[in-house]
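**Student:** Before we start, here is the structure in question, set down as structure tokens.
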Amino acid sequence: MQISERKSVTLNLERQLLNYLMRDKILLQRYYGLCKPDWWTSDTRKFLYDKIMEYFQEYRSTLSSDQYDFELKKHYPDNEEKRIVLKSEYDLVHDIKPTNDIELIISKLGETDLSIQIDTILVKAYDILKNGGVDEAAALLKTSAIGLNRSEHKGRILSLHQDVDDWVMEIENRKNYPDKYAGIKTGFPTFDKRTGGLFDAELTVLFGLSGKGKSTVMKAVSSYVRRSGFNVLHCGNEENEFQMRTKYQSLESGVPYSHFKRGTYSEEEFENWKRFNAEQKIKGGGLYLYEFPQGDDATSIERAVVELKLKGVKIDLIVVDYLDLMSPIKKCYGGENEEQGAITNELKQLAINCNCPVLTCTQAGTQAEKQELKDRPFLTASDVFGTKKKVHSANVLWGIVNQTATIGVNERTEEERMVHKLVMAIPKNRDGGVFTFRCKMFVETGLVVEDDENDAVNEEIARQALEMINDKHESGDVRSCIDLKSITDTSNDQMAKKVEDIVNRLGKEQKGGEEKVETKISNETEIETSEEKIDVSSIINKLKKYKQL
């Protein structure tokens with residue numbers, strides 16, 4: 001697009017935007033960081049924009065007519081003709097009535113500027129191709145493609161306690177409309193409560209050993225998100241289109257995947273599936289499947305998002321299965337680890353460019369297998385295979401330990417073969433602390449549900465706490481020793497505090513609240529309890545309800 005063409009297209013938009021910026025301090029505060037000096041197609045509007053920005057940065061206020069006159073005299077004291085031209089532009093901008101929303105204006109000006117950047121990149125690539133640099137030209141196009149949107153995210157410098165007008169409005173909106181700012185729920189209550197869900201422009205990386213359920217968990221999240229009314233794009237380079245379609249159909253309809261694959265479903269299952277599939281066309285959001293070749297990079301995923309956007313579909317969650325089979329946009333020379341670090345960075349940039357969450361998965365190191373035999377396994381960031389750049393780029397790390405898949409086939413019961421026990425470990429959570437929770441995975445359909453009810457560690461803690469308060473003695477000291485190290489990887493003080501809370505809570509629930517339990521944590525691996533005589537006939541049932549300690 002030539003400058004003359006651009007001027008005819010954007011002239012009115014430029015004046016409308018300047019009108020917003022010179023009249024409304026709150027809008028100026030909120031949007032001035034998104035405006036670019038390159039948008040203005042005349043020196044008069046560029047000068048006016050510069051003065052608005054300079055005055056706001058110095059005085060935190062909008063630019064009035066008298067203040068603009070002062071600036072003109074300061075810059076052009078001996079050029080009255082120039083002052084008249086600049087002031088006439090100010091008057092035109094001041095008197096114009098905007099017909100578009102400010103966000104729409106910024107978007108349109110940004111698109112116009114983007115088209116000029118694309119033209120420039122294509123010219124450079126063409127010049128390189130003329131000289132025989134095919135690989136270099138391809139790398140330039142790919143790198144520029146992922147970087148174009150990045151350049152639109154311009155930061156700003158603000159004063160924390162002075163630039164508060166737009167911030168007050170933002171906080172008030174969040175208070176009045178919390179659902180608007182909430183993350184997308186995954187269907188796992190503990191994860192959603194601790195992290196808030198999946199947020200726009202953020203990257204969540206699942207990791208685990210091969211065959212432990214990473215892809216299955218991601219499908220469970222995608223299905224829940226779709227059924228919640230959101231649009232999901234599932235990009236797969238590990239499974240083919242048939243596998244992706246039938247596994248999702250199995251998960252949502254309850255018909256075993258093997259029946260789809262082998263064609264062994266019964267007539268009843270077939271009719272139920274047809275009825276279910278027809279119902280889903282009018283329920284929930286859309287689930288879009290994209291099989292992309294192994295070795296492709298993040299630009300192919302972004303193209304798919306753009307293609308759906310042109311069809312009127314806004315993608316709310318991108319799922320990439322999986323990271324390790326992708327290639328970086330630009331060639332790396334540091335080996336596999338360097339490549340996977342670059343891919344992770346590019347997926348994070350994809351989340352920013354598309355302004356939606358990205359969920360992907362990668363391998364865990366072989367040392368993670370040692371965790372599978374523990375009562376309460378916990379994967380850390382060091383268990384992620386390869387470079388630490390994966391860890392640094394992710395907003396949330398989600399580790400998966402399958403405690404059933406490790407058992408030999410002949411050693412499993414029928415139930416264990418059909419229902420695997422998973423432990424989810426969250427070793428990185430930028431919005432809170434680390435945590436774990438347990439799940440059940442139904443092998444035939446891929447259904448994954450949270451299941452802390454059958455947590456052996458929680459049951460052991462509850463049992464020992466019950467013994468401490470259910471053991472009837474005369475007044476005096478009662479001493480019970482708990483070997484904390486044998487049932488948990490957390491520190492002794494943390495686990496002791498959990499048991500202390502249970503004991504105190506149960507003591508307060510006694511009739512009339514007259515009796516109480518006083519618990520003191522010793523410095524060793526013990527819990528010391530002093531108590532008066534207490535009736536605890538109803539405590540056993542109450543203890544069973546405490547699933548998260």
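The values are calculated or read from the model by the stated rules, or taken from the named source; none is laboratory data. Since the structure is predicted, the reported quantities are computational estimates derived from the model, not experimental observations. All Cβ positions, even for glycine, are placed from backbone atoms using ideal geometry, and neighbour counts span all protein chains on display.
**Student:** Could you list, in sequence order, all residues of segment 163-197 that are at pLDDT 90 or above and either over 17 Å from the mean Cα position of the chain (by Cα) or assigned to a helix (DSSP H, G or I) (or both)? Give the steps one after another, and end with the answer.
**Tutor:** First, pick out the residues of segment 163-197 that are at pLDDT 90 or above: 183-197.
Once the filter is applied, which keeps residues that are at pLDDT 90 or above and either over 17 Å from the mean Cα position of the chain (by Cα) or assigned to a helix (DSSP H, G or I) (or both), segment 163-197 yields Pro189, Thr190, Phe191, Asp192, Lys193, Arg194, Thr195.
**Student:** For residues in segment 58-90 being among the polar types (S, T, N, Q) and assigned to a helix (DSSP H, G or I), which is farthest from Arg23 (Cα to Cα)? Steps first, answer last, please.
**Tutor:** Here is the first cut: in segment 58-90, the ones among the polar types (S, T, N, Q) are 61-62, 64-65, 67, 79, 88.
Still in the running and assigned to a helix (DSSP H, G or I): 65, 67, 88.
Numbers: Ser65: 11, Gln67: 13, Ser88: 17 Å.
Once the filter is applied, the top-ranked residue is Ser88.
**Student:** Starting from residues that are closer than 25 Å to Gly183 by Cβ and not hydrophobic (A, V, I, L, M, F, W, C), keep the ones in segment 348-368 and report whichever is surrounded by the fewest Cβ atoms within 10 Å (Cβ to Cβ).
**Tutor:** First, pick out the residues of segment 348-368 that are closer than 25 Å to Gly183 by Cβ: 348-362, 364.
Restricting the remaining residues to those that are not hydrophobic (A, V, I, L, M, F, W, C) gives 348-349, 353, 355, 357, 360, 362.
Values: Lys348: 21, Gln349: 22, Asn353: 22, Asn355: 13, Pro357: 26, Thr360: 28, Thr362: 21.
By that ranking, first place goes to Asn355.
**Student:** Being in a strand (DSSP E or B) and either free of Cβ contacts under 8 Å to residues at least 60 places away in the same chain or aromatic (Phe, Trp, Tyr) (or both) is the filter here; which residues of segment 288-318 pass it?
**Tutor:** First, the residues of segment 288-318 that are in a strand (DSSP E or B): 288-291, 317-318.
Tyr288, Leu289, Tyr290, Glu291, listed by residue number.
**Student:** Next question, about the same structure. Check off (1) touching an Asp or Glu at 6+ places or on another chain (Cβ under 8 Å); (2) among the hydroxyl-bearing types (Ser, Thr, Tyr); (3) at pLDDT below 90 for Tyr333 and give me the number that stays unchecked.
**Tutor:** Failing condition for Tyr333: (1).
**Student:** Further question: Taking into account only those residues within segment 358-379 that are hydroxyl-bearing (Ser, Thr, Tyr) and modelled with pLDDT of 90 or more, which is nearest to Lys348 (Cα to Cα)?
**Tutor:** First, pick out the residues of segment 358-379 that are hydroxyl-bearing (Ser, Thr, Tyr): 360, 362, 366.
Still in the list and also modelled with pLDDT of 90 or more: 360, 362.
On the way: Thr360: 10, Thr362: 14 Å.
Once the filter is applied, the top-ranked residue is Thr360.
Condition check ((1) surrounded by 11 or more Cβ atoms within 10 Å (Cβ to Cβ); (2) under 27 Å from Glu346 (Cβ atoms); (3) assigned by TED's automatic domain parsing to the domain that holds Ser42) across all residues:
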site: Arg60; (1), (2), (3): yes, no, yes
site: Leu63; (1), (2), (3): yes, no, yes
site: Glu81; (1), (2), (3): no, no, yes
site: Leu86; (1), (2), (3): yes, no, yes
site: His94; (1), (2), (3): yes, no, yes
site: Ser107; (1), (2), (3): yes, yes, yes
site: Ile118; (1), (2), (3): yes, yes, yes
site: Ala139; (1), (2), (3): yes, yes, yes
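**Student:** While we're on this one: Which count do you get for residues in segment 198-223 that are charged (D, E, K, R), closer than 14 Å to Gln363 by Cα and not in a loop (DSSP other than H, G, I, E, B)?
**Tutor:** As a first pass, look at segment 198-223 and keep what is charged (D, E, K, R): 200, 202, 212, 214, 219.
Narrowing the set further to residues that are closer than 14 Å to Gln363 by Cα leaves 212, 214.
Filter once more, so that each one left must be not in a loop (DSSP other than H, G, I, E, B): 214.
Number of matching residues: 1.
**Student:** Need a quick list: helices (runs of 4 or more DSSP H) entirely within segment 324-440 having at least 2 residues that are within 21 Å of the chain's Cα centre (by Cα).
**Tutor:** Numbers: elements: 336-354, 389-393, 414-418.
Where helices (runs of 4 or more DSSP H) fall fully within segment 324-440 and carry at least 2 residues being within 21 Å of the chain's Cα centre (by Cα), they are 336-354, 389-393.
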